[in-house]
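For reference, the structure discussed in these notes is given below.
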Amino acid sequence: MSITMNESSRMFYEQESQSDRLVRKSKETPFFPIAIGVCLAAVGYGVYAFKNKGKMSTSVYLMHLRVGAQGAAVGSLTLGLIYTMVNKHILNKPE
């Protein structure tokens, strides 16, 4: 009985705990913990700013917050892509 690659990888991931997975993802992509930190900072800022929004309507405020969060996500992805390209193509580091 042979095990296919898909079954083998599924068995590996089923045995992996959440903390092990977080450590593995952090090693594979160093921008992963940075992205989580940026997300938490954006949520914290959003809660603070919502509490002190003044006369701005809630729908307008949430629209501004959504655009800011999308910008942070795109910026984080762009930085990760640049980091990967520099390591792979300029510094010739192995994957």
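The values are calculated or read from the model by the stated rules, or taken from the named source; none is laboratory data. The structure displayed is predicted, hence computed values, not measured ones. Cβ placement follows ideal geometry from the backbone for every residue including glycine, while neighbour counts extend to all protein chains displayed. With ligands, DNA and RNA removed, areas are computed over all heavy atoms of the protein, side chains included. Shrake-Rupley method; radii C 1.70, N 1.55, O 1.52, S 1.80 Å.
Structure above, values below:
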| read-out | value |
| --- | --- |
| Derived scalar couplings ³J(HN,Hα) [the range 67-81; Karplus, 6.51 cos²θ - 1.76 cosθ + 1.60; whole Hz; x for Gly, Pro] | 5, x, 5, 5, x, 5, 5, 5, x, 5, 5, 5, 4, x, 5 |
| Vicinal HN-Hα couplings computed from phi for the range 37-51 (Karplus, 6.51 cos²θ - 1.76 cosθ + 1.60; Hz; Gly/Pro x) | x, 5, 4, 5, 5, 5, 5, x, 5, x, 5, 4, 5, 5, 5 |
| Loop trypsin sites (Lys or Arg not before Pro), the range 13-52 (other Cβ atoms within 10 Å of the site Cβ: 10 or fewer; DSSP) | none |
| Surface accessible to a 1.4 Å probe, E28 within the full protein complex, Å² | 110 |
| Y48 - accessible surface, heavy atoms, 1.4 Å probe, Å² rounded to 10 | 140 |
| Surface accessible to a 1.4 Å probe, V47 within the full protein complex, Å² | 100 |
